Amino acid sequence: MRVVAKHSPPHRTNIVRGDGKVRRLENELSKMLGALMREARSQSIRAEERRKEEIRLRQREMERYELANQIQEEEKRVADFDSWAKSWILANQYKEFIAALEKVWAEAGHDLTAESEKGKRLLWMKQQADRLDPLVASPPSILDRKSELNRY
């Protein structure tokens with residue numbers, strides 16, 4: 001009689017035992033059982049190592065995902081900061097221009113009262129500069145209602 005135990009890759013363990021002139025199958029059973037138990041233990045250890053590796057891979061993936069989110073949030077904060085700074089710079093350039101224009105018009109003797117055309121124009125310009133300035137409360141504007149157009 002002959003007993004053959006074969007295992008699939010990656011380890012291809014083959015155990016062949018049988019009756020012979022020197023060995024009897026009954027005497028080889030304990031060796032075969034030991035070999036099978038060692039192989040089962042090895043497979044169990046390899047399966048546990050694969051499970052742990054899968055956990056490590058998932059953890060690394062979660063860390064990469066979290067890092068990507070943190071980077072995206074930081075980039076958004078930097079973009080917001082950049083937008084505020086650019087708006088503030090532009091608002092101040094507008095305010096300097098408006099002050100220079102007001103001075104030129106005043107020196108030229110133009111009527112700059114709130115009821116005059118040039119006075120109304122200067123007031124409107126100052127409001128638009130304030131709308132851009134992130135450090136100043138924005139005055140109301142018809143432009144604030146722009147989003148209403150998408151509703152119709």
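Values quoted throughout were computed directly from the atomic coordinates according to the rules given, and no laboratory measurement underlies them. Predicted model only: the values in this text are computed from it and were never measured. Neighbour counts are summed over all protein chains in view; Cβ atoms, including those assigned to glycine, are modelled from backbone coordinates with ideal geometry.
Annotations
- Taking the criterion of being of a type in the set (S, T, N, Q) and not in a helix (DSSP H, G or I), the residues of the range 103-152 that qualify are 113, 116, 138, 141.
- Pairing residues of the range 69-84 that are free of Cβ contacts under 8 Å to residues at least 40 places away in the same chain with residues that are part of a helix (DSSP H, G or I) and surrounded by 10 or more Cβ atoms within 10 Å (Cβ to Cβ), at Cβ distances under 6 Å and at least 6 apart in sequence or on separate chains, gives no pairs at all.
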